[in-house]
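Take a look at the structure below.
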Amino acid sequence: MVHLEHRLARADVIGEGGFTYEDWELLLRRGDEVRAKVRKMGPGFCRLPYDDPSDMVRFARERRGMYSDLVVVGIGGSALGAIALISALSHPYYNILPEEKRGGPRVFFSDNVDPWQLRGLLDVLEPRRTLFNVVTKSGGTAETVATFLVVRRFLEDALGGSWREHVVVTTDPERGDMREVAGREGLPAFPVPPDVGGRFSVLSPVGLLPAAFAGIDVGELLAGARDMDLRLKNSSPEEDPAYIGAALNWIFYGKGKRMTVMMPYSRALKELAEWFRQLWAESLGKKLDLEGKVVQVGPTPLRALGATDQHSQVQLYVEGPPDKFFTFIVPEDYGADFVFPEYYPDLDAMGYLAGRRMSELIKAEQIATAYALAEAGRPSMTIKLPKVDPYHLGGLLYMFEMQTAYAGELFGVNAYDQPGVELGKRATYALMGRSGYEGLRGEIEKFLGGIVI
Ligand code: PA5
């Protein structure tokens with residue numbers, strides 16, 4: 001079971017940088033109301049663990065052997081969840097395993113409009129053996145549809161009309177230009193539920209279709225998320241790890257810890273921290289509160305990887321500004337291990353390692369870092385994950401989504417919109433000459449002192 005420890009966030013343990021008994025009382029007092037509000041609102045992502053994935057799983061199973069490469073074309077919430085799933089649950093060098101060991105296609109992501117990167121990707125693909133999964137909930141995101149246009153040309157030049165057998169779309173079930181394209185061209189298409197925002201969509205076809213192609217047990221992911229849902233529903237605020245995670249972040253934000261660092265001690269979970277960074281930033285970074293008052297609120301999420309970033313970031317974390325709260329994630333079972341051989345018993349740097357395990361070393365490094373932070377009065381919590389497998393990862397993803405929904409209530413903001421990214425999107429349309437945006441183009445040119453592109 002996923003387990004959260006917060007002893008090293010307590011003021012009676014780490015001193016004045018920690019939370020007090022009064023803080024704890026306050027967060028427990030707000031717990032029932034906050035959790036009830038979220039449950040009553042019933043955000044769409046809460047339903048996803050109960051959806052039936054069989055169409056999608058069948059589609060992936062039937063086609064896995066037909067393609068040597070799958071390319072997911074999407075950005076933000078339409079890419080980060082699938083990246084997190086595949087990097088956590090596949091072999092760490094999945095793409096370079098021989099085909100018979102992989103059992104499915106190599107998986108690549110195209111989540112930018114950097115021509116150098118896309119050229120490089122197309123150079124390593126064989127059109128006849130490649131499937132592109134175009135993922136866009138709105139169906140109109142510039143980066144994604146632009147890449148689709150290039151991809152169609154790449155496929156059509158090589159395959160003519162049968163390019164259509166090499167594209168599958170994941171988009172809104174009815175609306176948007178990508179749905180229209182899927183209809184016109186007869187492309188297979190999976191739905192993104194309209195009431196599920198991009199960053200909360202990992203457990204929909206957005207994340208699950210690529211995962212199924214990579215051979216990940218999608219049923220177990222959903223079972224883990226369902227069990228987590230039941231656990232959170234049936235627990236008190238004190239026992240609810242999603243609520244405690246949200247409430248501690250909120251308490252510490254109020255104490256001037258404006259940044260929150262997620263630091264898994266597991267390479268498999270590095271991209272999960274990247275996914276969380278978007279979930280937390282886009283959901284909580286808001287100008288207005290729920291009453292329309294200007295608050296300009298939001299903890300800045302950072303991500304680090306243990307033990308690697310002990311040699312990069314930890315100096316800053318321990319001695320720099322005391323403006324951060326830390327979340328460590330540690331698997332109990334790494335799924336592999338090494339016992340250190342006793343080659344040099346007389347050498348200080350190596351002798352003490354003999355007979356110990358590599359998993360013990362990485363766990364000791366995490367405890368040591370949390371201790372060094374605590375000793376400097378810097379609070380942290382640690383999430384222990386029994387294993388990085390589909391069941392526990394499904395639970396963890398769901399827990400973080402719920403944590404974000406609770407945090408939205410505590411910070412008093414709408415966790416499900418992203419008005420701050422709209423102007424940049426519209427400005428891009430204006431600069432690229434999309435009709436209806438001529439006025440905005442004029443305004444931008446005035447700002448920038450002339451024609452810019
Ligand atoms: O979380 C979000 O809502 C965003 O990050 C979107 O996922 C991102 O902008 C891509 O949008 P779309 O799926 O509509 O292409």
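For this structure, a couple of remarks:
- Options ARG164, ARG175, ARG152: the member that is away from the ligand (no atom under 16 Å from the Cβ) and either under 21 Å from ARG61 (Cβ atoms) or out of contact with any helix residue (DSSP H, G or I) (no Cβ under 9 Å at 6 or more places or on another chain) (or both): ARG164
- Test: residue in the range 318-326 that is part of a helix (DSSP H, G or I) and within 30 Å of GLY256 (Cα to Cα): yes
- Checking each residue in the range 136-148 for being more than 6 Å from the ligand (Cβ to nearest atom) and over 13 Å from ASN112 (Cα atoms) picks out GLY139, GLY140.
- Residue match in the range 86-107 (condition: within 13 Å of the ligand (Cβ to nearest atom) and either crowded, with 23+ Cβ neighbours inside 10 Å or outside the structural domain of VAL150 (by TED's automatic domain parsing) (or both)): no
- Restricting the range 125-135 to residues that are aliphatic (A, V, I, L, M) and under 20 Å from GLY81 (Cβ atoms) leaves a set whose member that is farthest from the ligand (Cβ to nearest atom) is LEU131.
- Qualifying position, being closer than 22 Å to GLY18 by Cα and modelled with pLDDT of 95 or more, among ILE216, ILE251: ILE251
- Positions within the range 118-137 being aliphatic (A, V, I, L, M) and surrounded by 14 or more Cβ atoms within 10 Å (Cβ to Cβ), in sequence order: LEU118, LEU121, LEU122, LEU125, LEU131, VAL134, VAL135
- Subset of the range 267-284 [within 12 Å of the ligand (Cβ to nearest atom), more than 8 Å from the chain's Cα centre (by Cα) and of a type outside the set (A, V, I, L, M)]: TRP280, GLU282, SER283
- In the range 420-453, the qualifying residues are those that are outside any helix (DSSP H, G or I) and of a type outside the set (Val, Ile, Thr), and the one that is modelled with the lowest pLDDT is GLY450.
- Pair list, Cβ under 6 Å, 6 or more apart: the range 186-201 residue under 15 Å from SER283 (Cα atoms) and within 13 Å of the ligand (Cβ to nearest atom), other residue assigned to a loop (DSSP other than H, G, I, E, B) and not hydroxyl-bearing (Ser, Thr, Tyr): GLY198/LYS137; SER201/VAL192
- Residue within the range 383-397 that is part of a helix (DSSP H, G or I), within 25 Å of the chain's Cα centre (by Cα) and within 16 Å of the ligand (Cβ to nearest atom) present: yes
- Applying the criterion of at least 3 residues that are surrounded by fewer than 21 Cβ atoms within 10 Å (Cβ to Cβ) to the helices (runs of 4 or more DSSP H) found wholly in the range 184-285 leaves 218-233, 270-284.
- Index of the failed condition, VAL73 passing every other in (1) surrounded by 11 or more Cβ atoms within 10 Å (Cβ to Cβ); (2) away from the ligand (no atom under 16 Å from the Cβ); (3) at pLDDT 95 or above: (2)
The values are calculated or read from the model by the stated rules, or taken from the named source; none is laboratory data. Here the structure is a predicted model, which means the values were calculated and not measured. Because the Cβ atoms are built from the backbone with ideal geometry, glycine has one as well, and the counts that use them run over all protein chains shown.
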